[in-house]
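The values are calculated or read from the model by the stated rules, or taken from the named source; none is laboratory data. This is a predicted model, so every value here is computed, not measured. Cβ: placed from backbone, ideal geometry, glycine included. Neighbour counts: every protein chain shown.
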Amino acid sequence: MTRINVDYYMPALQGQTDLRLHFFGMEECLPNHSWGPGLRDAYILHYVHSGTGTFTTGGTTYRLGAGQGFLIVPDMLVQYTADESDPWTYTWFGFQGVLAKTLLQRAHLNASHPVYEAGPDGGFPRFYGQLRAAMEGPGGDVLSQGILYGLLGELIRDCRDNGEAPRPTTSKEAYVRKAVGYIESSYSQKISIQDIARSVGLDRTYLSGLFKDQFGVSLQAFLLEYRMKRAAVLLHNLELSVSDVSRSVGYTDPFLFSKMFKKTIGCSPRSYREQQISSGS
């Protein structure tokens, strides 16, 4: 139980694969309030505004206070607990994307080095306020992306102010970004894994390995998931038949499309549409 717990979940911004904010919030914890041990599926930055607590991962426990923060990496087992006598208040920002890992590494944050020092005058309170204001008006989903870039940019700048050199983008990451860009612009066509690999000048097996390292799935699985997520958006348009949606995401055979949609989303395209209609989405 907590005294204050405010969560904001961001609507999906289609086509945004470089970096996307998924959720953010603030929590004023009661003594000994704890989360975990458990896993998260996104990168989550926590910033401590006041009080103290502990963050445990990889067999190491960090004691943190105001002006400090910690990073949760996807699929990293973590636990964090508020102090008994001086429980902390923190904000958090959860995000994913092709650039997420790269930008965090430029700020020297990763699974091996998950804590940081932002100082009591750091920009996190300001960014949190900006995000709350953005959500109250139109275009909040777009504005939030710029605010997230600003937050990460400040982390990188602080890293440079401390005399640490930023980590440059590797050629492997550049290949992955180029391949994702090709998928975004060509998913509606009948493209193959070989076509994607050819567009970046790499062997398809090697490129698929890069996707596995970056996203945890093969290139084939990434393409399938991207198409099905786009199809799910299109199914909200009742003027489009299932066959229309199938063609729009690169499938000439609507039966194969329906099979792949059910495999990825968990139900048939028609069932998915009916669920959205009944829920008013």
Qualifying residue in the range 244-262 (condition: exposed (fewer than 15 other Cβ atoms within 10 Å of the Cβ), on the phi < 0 side of the Ramachandran plot and under 25 Å from the mean Cα position of the chain (by Cα)): no
Hits in the range 77-91 (condition: of a type in the set (A, V, I, L, M, F, W, C) and surrounded by fewer than 17 Cβ atoms within 10 Å (Cβ to Cβ)): Leu77
Number of the exception - Thr2 against (1) under 29 Å from Arg177 (Cα atoms); (2) modelled with pLDDT under 85: (1)
Positions within the range 202-233 being among the charged types (D, E, K, R) and either under 18 Å from the mean Cα position of the chain (by Cα) or closer than 20 Å to Ile265 by Cβ (or both), in sequence order: Lys212, Asp213, Glu225, Arg227, Lys229, Arg230
Flag if Asp203 is touching a helix residue (DSSP H, G or I) at 6+ places or on another chain (Cβ under 8 Å), touching a residue at least 40 places away in the same chain (Cβ under 8 Å) and more than 19 Å from Val249 (Cβ to Cβ): no
Members of the range 31-76 found to be on the phi < 0 side of the Ramachandran plot, more than 14 Å from the chain's Cα centre (by Cα), surrounded by 14 or more Cβ atoms within 10 Å (Cβ to Cβ) and in a loop (DSSP other than H, G, I, E, B), listed by number: His33, Gly65, Ala66, Met76
Considering residues of the range 214-227 that are surrounded by 20 or more Cβ atoms within 10 Å (Cβ to Cβ) and modelled with pLDDT of 90 or more only, the residue farthest from Ser171 (Cα to Cα): Arg227
